[in-house]
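S.K.: This is the structure, below, for whatever I ask next.
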Amino acid sequence: MHIQEAVIHGLEKVSQSTTVTENFRHVLSAVDNRMENLGEGVLKEYAKQSDSYGTFDADQKTYPFSQLLREYFDKKVGLLEFSIAATRLIAARMMGSPPATGGYVLFIRYTNQGRDWLLIVMLKLKSSTGVDPKTLELLESLSFDINNLHEAARIDLAKWEVNDQPYLSFIKKSSSQDEVTKYFRLALGCTEYTDSHYNTEQAVSALVKYCAEKKWDNTRTQQARQALHDYFDEKYHSADKTVHLKALSGMINDANPDDFYNFVKQEAIPVSDTFSPAKKIFDKLKVIRRKFGTVSVRFEAQDVMNDIVDYDDANGMLYIKNIPQSLIDDILRAKGYDPQ
């Protein structure tokens, strides 16, 4: 990652209190080795822990963060002014959440793989024990606890600018911690993107990439595709209709249950941890059907794996092997020949 600019502000609050003390920087933070190390560490953990994708709420009166972001993106204000206004939104929501505790709000604008990102994360301090190199006396020190991120969001600025959804990812824990950290998402107006078609498409795409990455043969790949299809189909017909990405990961690779899940996170493939499956999408793993002009084709994906149906890329032709004689006769008749 290449950090363009960054700044950090402080919010002091104790649990069960409704009072928040704001502590703002008046200049941007230095982008030095310490900031780069912090940014890389936070981003690495964020990639592991982010579990939801979404957009900003359209009600900008109630959720004005996106307006602030627009002013910053359009260079009407700088990162410092924008971040102070955004931190005030976070502080206001924090006041209404008694269990919430204070921390440090880190804003990092960076580029990675040619894309422009904004990462906003609430960091907590943790105590640790060190040593004085001269006296060898033990010392207590404080450092950021980046291994436990509960309030964080990341915006793909290029996608956000053209409203290419979802352009926002964030951490939304499903445990009791969610109510404690909800204030952060409310401050930014995070709205979960629940489009079942999109999430299902991304999950299927992730599986294709994963099988290629593992260099699995046709048989192993088909087993993984079948596992995804069967799990999605089961959930589609169940009462809650909720796919869990971690559960899917275990079914795809039972020898290493977390491997597919970790692959999705490391590759930043936008699949929410939970979503409802779209049957029209996941059924394509089992059945391939298309209509072009007056021609309709339908065959099982297994037929491709068994080399019964194939595509000749060089000639742009679809081949079907072992067709019945009756079909051959019909084709000959259509050409004006008598098959007899």
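Values in this text are rule-based calculations from the coordinates and carry no lab data. Because the structure is a prediction, the values reported are computed rather than measured. Glycine gets a Cβ as well: all are built from the backbone with ideal geometry, and neighbour counts include every protein chain shown.
S.K.: Just want to confirm a number: the relative contact order over the chain, from Cα pairs under 8 angstrom separated by 6+ residues, in percent.
M.R.: Here the relative contact order equals 16 percent.
S.K.: OK, next. Between GLU12 and ALA247, what is the FRET efficiency for a Förster distance of 45 Å, r being their Cβ-Cβ separation, to the nearest 0.05?
M.R.: Rounded to the nearest 0.05, the efficiency is 0.65.
S.K.: Just VAL204, VAL77, VAL180 to compare: in a GNM of the chain, with alpha carbon springs under 10 Å, which one fluctuates most?
M.R.: VAL77
S.K.: Calculate how large, on average over all directions, the projected area of the Cα convex hull of the stretch 244-340 is; give the answer in nm² to one decimal.
M.R.: 10.0 nm²
S.K.: Regarding the stretch 38-134, what's the average projected area of the Cα-atom convex hull, expressed in nm²?
M.R.: Average of the hull's projected areas for the stretch 38-134 equals 9.8 nm².
S.K.: Give the aspartates and glutamates reachable from LYS159 as a straight Cα distance under 12 Å; neighbours fewer than 8 places away on the same chain don't count.
M.R.: By straight Cα distance, LYS159 reaches ASP116.
S.K.: What list of ³J(HN,Hα) values in whole Hz, one per residue of the stretch 307-315 in order, does the Karplus curve 6.51 cos²θ - 1.76 cosθ + 1.60 (θ = phi - 60°) give from phi, with Gly and Pro shown as x?
M.R.: Whole-Hz 3J(HN,Hα) from phi for the stretch 307-315: 6, 7, 10, 8, 10, 8, 5, 5, 9.
S.K.: Take the Cβ-Cβ distance between GLU40 and ILE323 as r, set R0 to 45 Å, and report the resulting FRET efficiency rounded to the nearest 0.05.
M.R.: Rounded to the nearest 0.05, the efficiency is 0.20.
S.K.: Compute a Gaussian network model of the chain, connecting alpha carbons closer than 10 Å, and tell me which residue from MET95, MET317, MET35 fluctuates the most.
M.R.: MET317
S.K.: Debye calculation, C-alpha points only, no solvent: report log10 I(q)/I(0) for the stretch 196-284 at q = 0.16, 0.20, 0.23, 0.25 Å⁻¹, in the same order as the q values.
M.R.: -0.55, -0.88, -1.19, -1.41
S.K.: Still on this model: Expressed as a whole number of Å, what is the distance separating the alpha-carbon centroids of the stretch 1-75 and the stretch 235-298?
M.R.: Taking the Cα centre of each part, the stretch 235-298 and the stretch 1-75 sit 32 Å apart.
S.K.: Taking the square root of 5 times each eigenvalue of the Cα gyration tensor, what semi-axes in Å does the equivalent ellipsoid of the stretch 5-83 have, largest first?
M.R.: That gives 22, 19, 19 Å for the three semi-axes.
S.K.: If you keep only loop residues by DSSP, which chymotrypsin sites (Phe, Trp or Tyr not before Pro) in the stretch 251-340 have at most 16 other Cβ atoms within 10 Å of their Cβ?
M.R.: TYR337
S.K.: At most 13 other Cβ atoms within 10 Å and a DSSP loop assignment: could you name the trypsin sites (Lys or Arg not before Pro) in the stretch 29-85 that fit?
M.R.: LYS61, LYS75, LYS76
S.K.: Something else about it: For labels at ASP310 and ALA92 in the simple 7 Å Cα→Cβ model, what's the distance in nm?
M.R.: Reported label-point gap for ASP310 and ALA92 is 6.5 nm.
S.K.: For THR219, what is the net charge nearby, where nearby means another residue's Cβ is under 14 Å from its Cβ and Lys, Arg count +1, Asp, Glu -1?
M.R.: Local charge sum for THR219: +2.
S.K.: What residues qualify as long-range amide H neighbours of GLN4, i.e. H under 5 Å apart, gap of 5 or more or another chain, H built at 1.01 Å from N?
M.R.: Counting only residues 5 or more places away or on other chains, the set is ARG109, TYR110, THR111.
S.K.: Additional query: For n ≥ 4 DSSP H runs only, could you compute -39500 (n - 2.57) per run for the chain, divide by its residues and tell me the 222 nm figure to the nearest 500?
M.R.: It comes out at -12000 deg cm²/dmol, rounded to the nearest 500.
S.K.: Now, a different point. Which residue fluctuates most in the GNM of the chain (Cα springs below 10 Å): TYR236, TYR183, TYR198?
M.R.: TYR236
S.K.: Moving on. Please give the FRET efficiency for ALA255 paired with GLU201, using the beta carbon to beta carbon distance and R0 = 30 Å, rounded to the nearest 0.05.
M.R.: Given R0 = 30 Å and the Cβ-Cβ separation, E is 0.65.
S.K.: Continuing with this model, one more query. So what's the convex hull volume per residue for the Cα atoms of the stretch 186-232, in Å³?
M.R.: 90 Å³
S.K.: With the calculation restricted to Cα positions, what are the radius of gyration and Dmax of the stretch 285-334 in angstrom?
M.R.: Over the stretch 285-334's Cα set, Rg and Dmax evaluate to 12.1, 35 Å.
S.K.: So, one more: At 1.306 mPa s and 10 °C, plugging the Kirkwood radius over alpha-carbon pairs of the stretch 2-192 into Stokes-Einstein gives what diffusion coefficient in µm²/s?
M.R.: Stokes-Einstein gives a translational diffusion coefficient of 92 µm²/s.
S.K.: In the chain, if every C-alpha pair distance is counted and binned at 10 Å from zero, what percent goes to each bin?
M.R.: In whole percents, the pair-distance histogram is 5, 20, 25, 20, 14, 8, 4, 2, 1, 0, 0.
S.K.: Mind giving me the nanometre distance, one decimal, between the label points for GLN223 and GLN49, set 7 Å out from Cα along Cα→Cβ?
M.R.: For the pair GLN223/GLN49, the computed spacing is 3.5 nm.
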